[in-house]
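What follows is a short report on a single structure.
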Amino acid sequence: MKTSIFSLFFILICIGLHAEDGHKLWLRAQSTSTVNVECSKQSPIIEIAKIELQNMWQGKAGHTVVLKLAKTKKLQGDGFLLSENQIESNTEAGLLYGAFEMLRKQQTQSSDFNGIFNPSYDLRILNHWDNLDGTIERGYAGQSIFWHPGSEAFKVTQEDKKRWTEYARANASIGINGTVLNNVNASPKILTPEYLNRVREIADILRPYGIQTYLAVNFASPSVIGGLSTSDPLNQEVVAWWKNKVNEIYKLIPDFGGFLVKANSEGQPGPQNFGRTHADGANMMADALKAQGGIVMWRAFVYNPSDEDRAKQAYSEFMPLDGTFSDNVIVQVKNGPIDFQPREPFSPLFGAMKGTGVMPEFQITQEYLGHSVHMVFLATMWEEVLNSDTFQEGKGSTVARCTDGSIFKQKYSAIAGVSNVGSDINWCGHHFAQANWYAFGRLAWDNTLTSEQIADEWVKLTFGKVSNTEDDADFVKAIKELMLDSREAAVDYMMPLGLHHIFAAHHHYGPGPWWAPSGMRKDWTPPYYHRADSLGIGFNRTTSGSNAVSQYHQPLSQQFNDPETCPEKYLLWFHHLPWDYKMKSGRTLWDELCFHYDSGVQKVRGFQKIWDKSESYVDTERFAAVQKKLREQSLNAQEWKDACLLYFQQFNQLPIPYDLERPVNKLEDLIEKDEKQIREGRRN
Ligand code: GCV
């Protein structure tokens, strides 16, 4: 009896040790044979490339791979040339990326092995909105992996180092080569010696993986931590303070990347506090960094509670400054004109700022797309943005080509993603949210990849389904379809047809089209955005309204201006239309809205079916975890549909089409549920 209990205990421990917690991300292959890796040079990066090849090798046993540092013109930046026997690159980091590409091709059984792989962007950067107390703004996967509160703040443990190493490896495997360690709502304390020393420790671990460290800085630092009476960028003491600070940083971190700045936005200080412009502020910092090769990423996310349509404000403020920024300043622009909504048209700044370095900012963390509860694969959204034609330099001036150096010869090409990484064992809170981290890296490396290609790779790498059996292929196909459909589903059950920002309260999770507490800034409340009334719904941004359409290049401004030619996915973004407006489907606007909300719910119910059918292909732990999240997503989708339709119905008094499923929630219950959450401080 004793023995059998002992055995059972032993078995349980073994199972526990092998429990599939998702920690290994897409890097779970183990070598099936040996490989010889040769390189005439030795360095920490090259050593890692060798080890990775040896540890994950799936190719011919006894094969030899040569890592060759070259000076080849056809290779750009960290680009590499791949063949079965050799990886060639002009940079050491390129050899590491080549090693990971070779392994990825083996693991996904890809047939096109040879070729040149040049990165689309020089700088492929994650932005962490991690606060120094260990919390993460808009983070849904635990605490910061970089910062700890209280007495733990400056201790670097073995556990920290292990996590930073794993993090660096995961990033290197997808080509990410930079990371901003702290929140853009930056604490000035980040520039104090204690924190800079910790930054040095982190940078030392990231460096051998080819990752440069950057910091978000607070514009008022000279006065807050430097003891100066001002932070005016034209004041000579302030200029000297930043120069000294930059020198102090480079002594600790010789390959430091530079600063990210959120200025004069949502209460953050900036040059305008001193009557100066964004360019004055950015150039002063850029000057301090220039000699060391550092850059400034200056965010264009600005808006004030003025009468001007919020969607127009970034363009209004930044366009007059075009051509006045130093060449080591890159203006960082969110993908849409408002704020990472489930769907927005691209920001009109892309392609318009012809004399300025401009980089796209995507949000990997799902602030507005169901946090770490909803399964939403974001590659389709980013693909849509990157492929949007701005027409700024004629047809084909896509956002991708306007920002990656193909059209404008800016000194640096760059792209940023707001990270979804936290201390959770599976890194991102939802197993499928890992796919968004993966997708961002892959698109930053190659902005012509399709979301279908990326999903295909990720599913195979993450669930190990690469055998060519029909069953495995069916599994990969089904999961891929689910992922590719997931963002449109979220748009449908949250904000179809161009609706945007109709979330409840500050949490940006559930529906709240009614939410407008008295005294609240109007542009922080949903009615400002949906403008529903007895006559119709939508924001009039045409020439007869806020005229945001004029910020787009022809033929887009004209196309967006007319409801007949405006793509229906942006209809209510640009137009306020009557409830009985005739849609392309022949339905009225109201019926179409109902149809989209219902279809979003049906899609999620369909995802549940697909997932349940996949049970035998997925390990028990990840299967159960995803199943649980899908259940919650399904309930949430229903709430979104019911809340929005029942609320809008109050204005138009029209029936929900009778062939659609009826609401199952009452509006007053949903409002009460939301208010209760606000009262209890949950989800704020
Ligand atoms: C870091 C939105 C978010 C804020 C975020 C801000 C930004 O407003 O809700 O949490 O602040 O964007 O991008 O700066």
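The values are calculated or read from the model by the stated rules, or taken from the named source; none is laboratory data. The structure presented is a predicted model; accordingly, all values stated were derived computationally and were not measured. Positions of Cβ are generated from backbone atoms using ideal geometry, with glycine treated the same way; all protein chains shown enter the neighbour counts. Please note that ligands, DNA and RNA were not included when accessible areas were found on the heavy atoms of the full protein model with its side chains. Shrake-Rupley method; radii C 1.70, N 1.55, O 1.52, S 1.80 Å.
For region 147-167, state whether one or more residues are within 16 Å of the ligand (Cβ to nearest atom), at pLDDT 95 or above, open to solvent by less than 10 Å² (accessible area, probe 1.4 Å) and out of contact with any Phe, Trp or Tyr (no Cβ under 7 Å at 6 or more places or on another chain).
The first filter runs over region 147-167 and keeps only residues within 16 Å of the ligand (Cβ to nearest atom), leaving 147.
Applying the additional criterion that residues be at pLDDT 95 or above yields 147.
Now restrict to residues that are open to solvent by less than 10 Å² (accessible area, probe 1.4 Å): 147.
Still in the running and out of contact with any Phe, Trp or Tyr (no Cβ under 7 Å at 6 or more places or on another chain): 147.
Yes, region 147-167 contains a residue that is within 16 Å of the ligand (Cβ to nearest atom), at pLDDT 95 or above, open to solvent by less than 10 Å² (accessible area, probe 1.4 Å) and out of contact with any Phe, Trp or Tyr (no Cβ under 7 Å at 6 or more places or on another chain).
Does any residue of region 470-485 turn out to be touching a residue at least 12 places away in the same chain (Cβ under 8 Å), under 30 Å from Arg531 (Cβ atoms) and either of a type outside the set (Phe, Trp, Tyr) or not assigned by TED's automatic domain parsing to the domain that holds Met102 (or both)? Within region 470-485 (the criterion being touching a residue at least 12 places away in the same chain (Cβ under 8 Å), under 30 Å from Arg531 (Cβ atoms) and either of a type outside the set (Phe, Trp, Tyr) or not assigned by TED's automatic domain parsing to the domain that holds Met102 (or both)), the answer is yes, since at least one residue qualifies. Glu88 fulfils the conditions (1) away from the ligand (no atom under 16 Å from the Cβ); (2) in the same structural domain as Met297 (by TED's automatic domain parsing) except for a single criterion, (2). Looking across region 251-273, the residues that are open to solvent by 10 Å² or more (accessible area, probe 1.4 Å) and more than 12 Å from the ligand (Cβ to nearest atom) come down to Lys251, Leu252, Pro254, Asp255, Pro269, Gln272, Asn273.
Yes or no, residue by residue, for (1) under 17 Å from Gly22 (Cα atoms); (2) in contact with a Phe, Trp or Tyr (Cβ under 6 Å, 6 or more places away or on another chain):
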site	(1), (2)
Gly394	no, no
Ile407	no, no
Tyr412	no, no
Val421	yes, yes
Asn426	yes, no
His430	yes, no
Phe440	no, no
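Going through (1) farther than 27 Å from Ile295 by Cβ; (2) open to solvent by 10 Å² or more (accessible area, probe 1.4 Å) one by one, Trp427 falls short only on (2).
A residue that is within 16 Å of the ligand (Cβ to nearest atom), part of a strand (DSSP E or B) and in contact with a strand residue (DSSP E or B) (Cβ under 9 Å, 6 or more places away or on another chain) occurs nowhere in region 376-398. For region 123-133, a tally of residues being of a type in the set (Asp, Glu) and surrounded by 21 or more Cβ atoms within 10 Å (Cβ to Cβ) returns 1.
Filter region 362-411 down to the residues that are aromatic (Phe, Trp, Tyr) and open to solvent by less than 10 Å² (accessible area, probe 1.4 Å) and list them by number. The answer is Phe362, Tyr368, Phe377, Trp382.
Could you grab me the full set of residues in region 317-338 that are open to solvent by 10 Å² or more (accessible area, probe 1.4 Å) and of a type outside the set (Phe, Trp, Tyr)? Show your work before the answer.
Start the filter on region 317-338 by keeping residues that are open to solvent by 10 Å² or more (accessible area, probe 1.4 Å), which leaves 317, 319-327, 334, 337.
Passing the criteria: Glu317, Met319, Pro320, Leu321, Asp322, Gly323, Thr324, Ser326, Asp327, Lys334, Pro337.
Condition check for Ser144 on (1) in contact (Cβ under 8 Å) with a residue 60 or more places away in the chain; (2) under 18 Å from Pro208 (Cα atoms); (3) part of a loop (DSSP other than H, G, I, E, B): one failure, at (2). Kindly indicate whether Ile136 is buried (at least 20 other Cβ atoms within 10 Å of the Cβ), within 12 Å of the ligand (Cβ to nearest atom), aliphatic (A, V, I, L, M) and under 15 Å from Thr365 (Cβ atoms). Here the answer is yes, as Ile136 does meet what is asked.
None of Ala186, Ala170, Ala216 is more than 16 Å from the ligand (Cβ to nearest atom) and either farther than 30 Å from Tyr97 by Cβ or among the aliphatic types (A, V, I, L, M) (or both) except Ala170.
Residues that are open to solvent by less than 50 Å² (accessible area, probe 1.4 Å) and of a type in the set (D, E, K, R) were ranked within region 604-629; the one that is nearest to the chain's Cα centre (by Cα) is Arg622.
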